[in-house]
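Below: one structure, written as structure tokens.
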Amino acid sequence: MLKLVPSDLREASYALGIPRWRTITFVVLPTALTGIVTGIMLAIARVMGESAPLLVLASADAITTTRSTSRRRPAAVHLQPATRASRRRSTGVDRRAHP
């Protein structure tokens, strides 16, 4: 976006004797600000779009689990006890017995 700023603006600033850092700060950045903000908004929208299917899947699983299927739990709930049990078997130490 910074390269899209017309070089005439930069050259006019340099012709007035303004240093490069002030030209960037007071001419280039304000001119390119709308494009930078648009790029940030598009990046955030893309992140939201990438994570939306995961949120839909997680919420759909939570919605389908009703009282009639109260024994059915999401997969994450099944994984946690299984990993704890496998740790006890592999180390031979029951972590619940030791605080």
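The values are calculated or read from the model by the stated rules, or taken from the named source; none is laboratory data. If you're wondering where the values come from, they're calculated on a predicted model, not measured in any experiment. Cβ atoms come from the backbone with ideal geometry, glycine included; neighbour counts cover every protein chain shown.
Only one of (1) surrounded by 10 or more Cβ atoms within 10 Å (Cβ to Cβ); (2) aliphatic (A, V, I, L, M); (3) at pLDDT below 75 is not met by residue 76, so which one is it?
Only one criterion is unmet by residue 76, namely (1).
Only one residue in 62, 52, 58, 32 is surrounded by 12 or more Cβ atoms within 10 Å (Cβ to Cβ), at pLDDT below 85 and of a type in the set (Gly, Ala, Ser), so which one is that?
58
Regarding residue 18, is this residue assigned to a helix (DSSP H, G or I) and either over 23 Å from the mean Cα position of the chain (by Cα) or modelled with pLDDT of 80 or more (or both)?
no
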